[in-house]
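Here the structure is laid out as structure tokens; the discussion comes afterwards.
The values are calculated or read from the model by the stated rules, or taken from the named source; none is laboratory data. Owing to the predicted nature of the structure, the values given are computational and were not obtained by experimental measurement. Cβ: placed from backbone, ideal geometry, glycine included. Neighbour counts: every protein chain shown.
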Amino acid sequence: MDTCLCGDMVEAGSARCPRCTALMALGLDVDATEKEIRGAYRTLVKVWHPDRFQTDRKLKEAAEQKLKEVNSAFEFLTSTSTERGAWRPPSRPAEEPPIHEPPVAEPAAAQSAAAEATSSGMSSPIPRPRLWRPAKLLLKIAAVAFALLLGRYLWIAFDLPDPTGGRLAKVYTSGKDNLLRSFDAPKERFIEAVEHDLRRLGLKKPAPAAPPIPPPAQVASQRPEKAPSAPRKLLPYLTVGSTRDEVLAQQGAPSASSEDKLVYGKSELYLKDGAVIGWRIDPTSPIRVKLWPSSAVDPDLASYTVGSSKDVVLTVQGTPTAFTEDRFEYGRSVVNFRNNRVVSWKEDPDSAPLWAR
């Protein structure tokens, strides 16, 4: 019996225990809480609901299969130990037959050794040497790290604007942003755990101690004539308050510009005193912009209603494509505010769906 990364025993031929397999289906870490499990489940159900893919049969079938895996994993993780058995992902459709790998032939030396053992009366074959446990642990860590990096690079590689636009593009964007936010904490915990294990195995040295602070006179004598300027840091998102230089560093030269506006295709960024104060984003000319809530909001909220604050709408609905003091626009759908509270909304069935109730 081998052991999983979480310490539980796994069956021969398996890399993870049933619980870790179910958590991986929801995109969660091994120490995920029940609240994180329910939050990830609700997010994935919204993203992969087959009703959102009515216009494409293949996408709908893929969404149905993904939703089966998500539901199966959630039922396993939320059931009691007496109710659940060993969880495995639902089987794929019949048109995708399993891949059978040809048997690996044993080396000639091993075959001859087995023949000699049989002729000499020995009933058991020569045992193969087992890998050293730390080496197996490192191989598992490397496999998981490679899978995470591969997933990240594939996500970046396929982060392209949806040419069809409409409801499907908005659902994809909203689901992607929620998943990216949920991956931040597990990623940091994973990196800390890997560094901790590497230090225990002696494969990574602790961080060196900070050098002693020299006297002020010595510091003055060693100070360079002019410190080199730090390289400009590219921010993942543009937001209210981003400077014109930050916009140009991330988006490049605009197709048109003035003192109070930068134009990129059909999208526009509005400026005042050299800083961003608003925007109007078109799906055909994407710009990575973001509005964050100004106060803490329950991440499990699935909808908003009359009287909800702007922070609740931002948490549930995401960043608007255009906004003013009393109005959030999501494509052609609109949410209206008065004194920072929702007073009404109007949903366009051919544009972004509103999670208003």
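Show the residue pairs meeting these rules: Cβ distance below 8 Å; 6+ apart or different chains; first residue within the stretch 55-66 and of a type in the set (D, E, K, R); second residue surrounded by 14 or more Cβ atoms within 10 Å (Cβ to Cβ).
From residues that are of a type in the set (D, E, K, R), the pairs are Lys60/Pro50; Lys60/Phe53; Glu64/Pro50; Lys66/Leu44; Lys66/Trp48.
If you go through the stretch 329-345 one residue at a time, do you hit one that is surrounded by 19 or more Cβ atoms within 10 Å (Cβ to Cβ), in a loop (DSSP other than H, G, I, E, B) and not small (Gly, Ala, Ser)?
No; the residues of the stretch 329-345 include none that is surrounded by 19 or more Cβ atoms within 10 Å (Cβ to Cβ), in a loop (DSSP other than H, G, I, E, B) and not small (Gly, Ala, Ser).
Okay, residues lined up against (1) surrounded by 10 or more Cβ atoms within 10 Å (Cβ to Cβ); (2) in contact with an Asp or Glu (Cβ under 9 Å, 6 or more places away or on another chain); (3) modelled with pLDDT under 70; (4) not assigned by TED's automatic domain parsing to the domain that holds Val316:
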position: Met9; (1), (2), (3), (4): yes, yes, no, yes
position: Phe53; (1), (2), (3), (4): yes, yes, no, yes
position: Ser81; (1), (2), (3), (4): no, no, yes, yes
position: Gln111; (1), (2), (3), (4): yes, no, yes, yes
position: Ser120; (1), (2), (3), (4): no, no, yes, yes
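Give me a count of the residues in the stretch 346-357 that are modelled with pLDDT of 90 or more and exposed (fewer than 14 other Cβ atoms within 10 Å of the Cβ).
Total meeting the criteria: 1.
I need every pair where a residue in the stretch 323-345 that is on the phi > 0 side of the Ramachandran plot has its Cβ under 8 Å from the Cβ of a residue that is outside any strand (DSSP E or B) and among the hydroxyl-bearing types (Ser, Thr, Tyr), sequence separation at least 6 or different chains.
Gly331/Thr321; Gly331/Ser351
Residue by residue through the stretch 195-222, note down the ones that are assigned to a helix (DSSP H, G or I), modelled with pLDDT of 75 or more and either touching a helix residue (DSSP H, G or I) at 6+ places or on another chain (Cβ under 6 Å) or over 30 Å from Lys136 (Cβ atoms) (or both).
None - no residue of the stretch 195-222 is assigned to a helix (DSSP H, G or I), modelled with pLDDT of 75 or more and either touching a helix residue (DSSP H, G or I) at 6+ places or on another chain (Cβ under 6 Å) or over 30 Å from Lys136 (Cβ atoms) (or both), so the list stays empty.
Is there a residue in the stretch 277-291 that is surrounded by fewer than 14 Cβ atoms within 10 Å (Cβ to Cβ) and free of Cβ contacts under 8 Å to residues at least 12 places away in the same chain?
For the stretch 277-291, residues surrounded by fewer than 14 Cβ atoms within 10 Å (Cβ to Cβ) and free of Cβ contacts under 8 Å to residues at least 12 places away in the same chain: absent.
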